[in-house]
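Worksheet: one structure, shown below.
The values are calculated or read from the model by the stated rules, or taken from the named source; none is laboratory data. Fair warning: this is a prediction, and the values are worked out from it, not measured in the lab. Positions of Cβ are generated from backbone atoms using ideal geometry, with glycine treated the same way; all protein chains shown enter the neighbour counts. Ligands, DNA and RNA are stripped out before the accessible areas are found, and what is left, the full protein with its side chains, is counted by its heavy atoms. Shrake-Rupley method; radii C 1.70, N 1.55, O 1.52, S 1.80 Å.
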Amino acid sequence: MGLLHPETTIPPYSLTLSAGSQDCILGRAQRNEAFTSQEWWRAIRSQAPGARPFERLLGAYPKGLLLLALTRPYLDMIANELAALSDSARDRVRIVGTTQAQMLPQELRLCVMPYDLRLNDADKDVRGTTFDFPARALAHFADLVKLDKRIEDPRSHARRVRLSLAHWSAPDFKPRKRIDDNTLRRNIRELKSQNFSRTTALRHLRRKLGIACEQGRFMAAWGNK
C-alpha cells in the first residue's frame with residue numbers, strides 16, 4: 001500500500017516480506033528470476049508518481065523528526081529511498097529497531113540509533129520479544145526526546161541513547177536450534193494434542209523446547225495442521 005496516513009481506509013490484504021510465509025510477496029513474481037523488496041517498493045511508488053513519499057513527508061513537516069521503527073526486511077525495502085534524501089532531510093531521520101547499521105548504505109548509518117539487546121533488561125518495563133523490538137525501541141526513543149525544544153543532530157541523539165542504556169544489562173542468550181518443516185509440523189501436532197493454544201504453543205517451542213521458529217513460519221505451519 002505504500003506510505004499511508006494512519007486514518008487512511010484500505011482494503012483487507014495478506015502480504016508480508018517475511019521469507020517462508022505463504023503470504024510473502026517476494027514469492028509471487030511472474031517470472032523466473034529474483035524479485036527483491038526494493039523492486040516491490042518501486043512498483044508501489046510507480047502507481048503514484050511524483051515526490052518520493054518520505055521526501056514529501058519531511059517537506060510537509062520541516063521542523064519535525066521522522067522516527068522509523070522497522071524490522072530488517074522492511075528497512076532494506078526503503079533504504080535506497082532514504083539514502084537518496086538531501087543531507088538536511090536525512091539529518092531529521094532516526095531509525096530504530098535494527099542492530100546492523102553497517103549493512104546499510106553509508107548515508108544512513110548515522111541515522112540508526114544504537115539500540116541493542118540491553119533493551120531486554122529483565123528489570124526494565126520495556127523488555128519483550130524479538131518481534132516487537134523495533135516498537136519498544138521506538139517507544140524508548142520517543143520518550144527520550146519528547147520534551148526537547150529543538151532537534152539535535154544524529155550523533156547527539158545516538159550519544160543520549162548510549163547513555164540511557166549504559167547501566168542496563170542484556171539477558172543471557174541461549175541459542176535455539178533450528179528444525180526443518182516436517183519436524184516443526186510434528187511438534188505442532190503434539191502440542192495441539194495437548195490442547196495448547198497457538199500463542200502458548202509458540203512460546204513453549206521457543207522457551208521450553210529451545211527451538212528457533214519465526215512467527216510467520218509458525219503461523220503458516222499451525223494453520224496447515
Would you be able to tell me the number of residues in the range 26-43 that are modelled with pLDDT of 85 or more and either surrounded by 15 or more Cβ atoms within 10 Å (Cβ to Cβ) or within 20 Å of the chain's Cα centre (by Cα) (or both)? 7
Return the pairs, sorted by first residue and then second, in which the second residue is among the hydroxyl-bearing types (Ser, Thr, Tyr) and assigned to a loop (DSSP other than H, G, I, E, B), the first residue lies in the range 75-94 and is under 23 Å from Phe133 (Cβ atoms), the beta carbons are less than 6 Å apart, and the residues are 6+ apart or on different chains. Leu75/Thr98
Would you be able to tell me the number of residues in the range 52-70 that are surrounded by fewer than 16 Cβ atoms within 10 Å (Cβ to Cβ) and in contact with a Gly (Cβ under 7 Å, 6 or more places away or on another chain)? 0
Per the filter on the range 187-206, residues free of Cβ contacts under 8 Å to residues at least 24 places away in the same chain and of a type in the set (A, V, I, L, M) are Leu191, Ala201, Leu202, Leu205
Matching option when the condition is open to solvent by less than 50 Å² (accessible area, probe 1.4 Å) and without any contact (Cβ under 8 Å) to a residue 40 or more places away in the chain, among Leu184, Leu165, Leu209: Leu184
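In this structure, does Arg109 turn out to be assigned to a helix (DSSP H, G or I), modelled with pLDDT of 95 or more and either under 26 Å from Ser18 (Cβ atoms) or open to solvent by 20 Å² or more (accessible area, probe 1.4 Å) (or both)?
Numbers: assigned to a helix (DSSP H, G or I): yes; modelled with pLDDT of 95 or more: no; either under 26 Å from Ser18 (Cβ atoms) or open to solvent by 20 Å² or more (accessible area, probe 1.4 Å) (or both): yes.
Spelling it out, it is not the case that Arg109 is assigned to a helix (DSSP H, G or I), modelled with pLDDT of 95 or more and either under 26 Å from Ser18 (Cβ atoms) or open to solvent by 20 Å² or more (accessible area, probe 1.4 Å) (or both).
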If we keep just the residues of the range 1-25 that are small (Gly, Ala, Ser) and modelled with pLDDT of 80 or more, which is least open to solvent (accessible area, probe 1.4 Å)? Gly2
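Say we look at the range 144-162 and pick out the residues that are free of Cβ contacts under 8 Å to residues at least 12 places away in the same chain and either part of a helix (DSSP H, G or I) or acidic (Asp, Glu) (or both); which of these is most open to solvent (accessible area, probe 1.4 Å)? Give the steps one after another, and end with the answer.
Taking the range 144-162 and keeping what is free of Cβ contacts under 8 Å to residues at least 12 places away in the same chain, we get 146-150, 152, 156, 159.
In the following step, the residues that additionally are either part of a helix (DSSP H, G or I) or acidic (Asp, Glu) (or both) were identified as 148, 152, 156, 159.
Numbers: Asp148: 53, Glu152: 42, Ser156: 20, Arg159: 122 Å².
Only one residue fits best here, namely Arg159.
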Do we have Phe141 as of a type in the set (Phe, Trp, Tyr) and open to solvent by 40 Å² or more (accessible area, probe 1.4 Å) here? no
Within the range 192-225, count every residue that is farther than 18 Å from Gln22 by Cα and of a type in the set (Lys, Arg). 5
